[in-house]
Amino acid sequence: MPHLRIETSIAVDPSKIESLLAEAGKLAAEELGKSIDYVQVIFEDGKKMHFGGSSEPTAFVSLISLGVDAEQSVTLSTLFCEWLHDKLDINPARVFLVFHEHPRSHFGWNKKTFA
């Protein structure tokens, strides 16, 4: 049920994409206490992006899930900023993150909702 989308201006070597997808999904699953079996990850690299009037490396992270609380948002922000810095050398000050928590009735899977 968690949906993680990472968009970055960095062009990533295609041979590294699969491991980045797996690592990002694992980070989200572990912090949210969810099974990796339900985590969907989209990684879009090489995007034309501008932040703060500059085209220096930047990223946008969006996480939609059930039950994301304020404390987890802070932890997830730290985790993903550190991860992006470690993996893609993106300065955490050039990363925006957004966390969406939806009611169970607004999240569908396998022909039904989680309500």
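Side notes on the structure shown:
- Within region 38-50, one or more residues are in contact with a helix residue (DSSP H, G or I) (Cβ under 9 Å, 6 or more places away or on another chain), of a type in the set (Phe, Trp, Tyr), more than 14 Å from His100 (Cβ to Cβ) and at pLDDT below 95.
- When residues of region 32-45 are limited to those that are under 15 Å from the mean Cα position of the chain (by Cα) and part of a helix (DSSP H, G or I), the one surrounded by the fewest Cβ atoms within 10 Å (Cβ to Cβ): Ile36
- Residues (surrounded by 15 or more Cβ atoms within 10 Å (Cβ to Cβ) and modelled with pLDDT of 90 or more) located in region 93-111: Arg94, Val95, Leu97, Phe99
- Among residues of region 91-115 that are farther than 18 Å from Leu32 by Cβ, those with a Cβ under 8 angstrom from a residue that is of a type in the set (Val, Ile, Thr) and assigned to a strand (DSSP E or B), sequence gap 6+ or separate chain, pair up as Val95/Val61; Phe96/Val61; Ser105/Thr113.
- Residue within region 13-23 that is in a loop (DSSP other than H, G, I, E, B), under 17 Å from Arg94 (Cα atoms) and modelled with pLDDT of 95 or more present: no
- Condition check for Ala29: part of a helix (DSSP H, G or I) and in contact with a strand residue (DSSP E or B) (Cβ under 6 Å, 6 or more places away or on another chain): no
- Enumeration of residues in region 51-75 that are at pLDDT 95 or above, under 16 Å from the mean Cα position of the chain (by Cα) and buried (at least 16 other Cβ atoms within 10 Å of the Cβ): Thr58, Ala59, Phe60, Val61, Leu63
- Here Lys48 passes the criteria (1) outside any loop (DSSP other than H, G, I, E, B); (2) surrounded by fewer than 11 Cβ atoms within 10 Å (Cβ to Cβ) except the one numbered (1).
- Count - residues of region 66-115 that are of a type outside the set (A, V, I, L, M) and not in a helix (DSSP H, G or I): 18
The values are calculated or read from the model by the stated rules, or taken from the named source; none is laboratory data. All values reported here derive from a predicted model rather than from experimental measurement. Here the Cβ is made from the backbone with ideal geometry for all residues, glycine too, and neighbour counts use every protein chain on show.
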